[in-house]
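The values are calculated or read from the model by the stated rules, or taken from the named source; none is laboratory data. A quick note: this is a predicted structure, and the numbers were derived from the prediction, not measured. As a convention, Cβ positions derive from the backbone with ideal geometry for all residues, glycine included, and neighbour counts pool all protein chains shown. To get the accessible areas, we keep the full protein, side chains included, count just its heavy atoms, and leave off ligands, DNA and RNA. Shrake-Rupley method; radii C 1.70, N 1.55, O 1.52, S 1.80 Å.
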Amino acid sequence: FSPLPDEPQITALIDRLSCRMAVVLPRVEGDTMQFYCYSPGLMRQGAFGILEPVGEEPIKPGEIDVVVVPGVAFTVDGARLGRGKGYYDKYMSSAGFRALKIGVCFAEQGSIYR
């Protein structure tokens, strides 16, 4: 994900990983989200002020191995509380999606059930 100002800043991680493997980032398109190849020089400000890839051809859900997902909070069982629009939840329930999911948040948001 491309982080919002109040989310963990993972941009340096994205840049390091992109030197070793293909990295894809989401782009909001109406009420859905698609993933496109990341290229540092080919990003634009998109929905909600988030930097989004400019790519032409979306990556199919089944071609993504790992997805890093931001969250407002996570339960100890891994359930995610997002910002309310459901973009990630819809995408991760799409046909063919099989990626390992890694939730990212600040430590104090890590578990709403202790």
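Applying the Karplus relation 6.51 cos²θ - 1.76 cosθ + 1.60 with θ = phi - 60° to region 68-77 yields 3J(HN,Hα) values of 9, 10, x, x, 6, 7, 9, 7, 5, 8 Hz, where x marks Gly and Pro.
For region 1-51, the relative contact order works out to 32 percent when only alpha carbon pairs closer than 8 Å and six or more residues apart are counted.
Given contacts defined as C-alpha pairs under 8 Å and at least six residues apart, what's the relative contact order of the chain, whole-number percent? Intermediate values should be presented prior to the final figure.
Values: 182 pairs, mean separation 28.2, N = 114.
Relative contact order comes out at 25 percent.
Pop out the carbon and sulfur fraction of the accessible area of region 1-83 as a percent, whole number, probe 1.4 Å. Before the final figure, lay out each step's value.
Values: 2810 of 4880 Å².
Answer for region 1-83 is 58 percent, counting heavy atoms of protein chains only.
The Rg/Rh ratio of the chain, with Rg taken over Cα atoms and Rh as the Kirkwood radius over Cα pairs, comes to 0.94.
Enter the accessible area per residue of the chain (Å², integer; probe 1.4 Å; all protein chains in place).
On the way: 7110 Å² over 114 residues.
The answer is 62 Å² per residue.
Stick to the Cα atoms of region 11-52, pair each with every other, and give me the Kirkwood hydrodynamic radius in Å at one decimal. Provide the component values of the computation, followed by the final result.
On the way: mean 1/r = 0.0917 Å⁻¹.
Hydrodynamic radius (Kirkwood, Cα pairs) of region 11-52 is 10.9 Å.
Rg and Dmax of region 29-87, based on Cα coordinates, read 13.3, 38 Å.
So, with +1 on the Cβ of K and R and -1 on the Cβ of D and E, and no other charges, what is the size of the charge dipole of the chain about its Cα centre, to the nearest 20 debye?
For the chain, the charge dipole is close to 180 debye.
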